[in-house]
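Remarks on the structure that follows.
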Amino acid sequence: MKCPKCHSADLHRSRRRGLKEGWSLRRKQLAPYRCSACGNRFVAAETRAAGGQRPLSIADYLGLNDRARQQCSGPLIIAGLTSLFILLTIMLFLALALGWIDPPSLQRRAL
Ligand SMILES: [Zn+2]
């Protein structure tokens, strides 16, 4: 791959800018690159380093950058969502058990 402006091969991957660009480029398997010689930024087909194509993780879909992605691996996000769900279930159970929410009165109000 070469820079479309100066045809230099001295390129490096550029950061995706914002959620919208990150998501749309990732979907099209494109990535932004920057030419080290002239500083030109352009979008080209994404090249993967040795090891083949990495499957898209949950963090990718959320549009997290590399640093956030390293901190928020897929299992960590799933664990977080699961514990949030469990917490909400416990809260709902307590709310019903302790009478914070009274379903019969809600039904009567609806009628
Ligand atoms: Zn260039």
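Quick notes on this one:
- Neighbour-count order for Trp23, Trp100, fewest beta carbons within 10 angstrom listed first: Trp100, Trp23
- Positive-pole candidate from Gly39, Leu19, His7, dipole of region 1-47, charges at beta carbon: Leu19
- Cα gyration tensor category, rounded, prolate or oblate, for region 1-47 with a/c compared to 1.5: prolate
- Order of Cys38, Cys3 - criterion: other Cβ atoms within 10 Å of each residue's Cβ, fewest first: Cys38, Cys3
- For Lys28, the lysines whose Cα falls under 22 Å of its own Cα, not counting residues fewer than eight places away in the same chain, are Lys2, Lys20.
- About its Cα centre, the dipole of region 1-47 is roughly 220 debye, where the only charges are +1 on Lys and Arg Cβ and -1 on Asp and Glu Cβ.
Values quoted throughout were computed directly from the atomic coordinates according to the rules given, and no laboratory measurement underlies them. On a predicted model such as this, the values are computed, not experimentally measured, just so you know. Neighbour counts run over all protein chains shown; Cβ positions are idealised from the backbone, glycine included.
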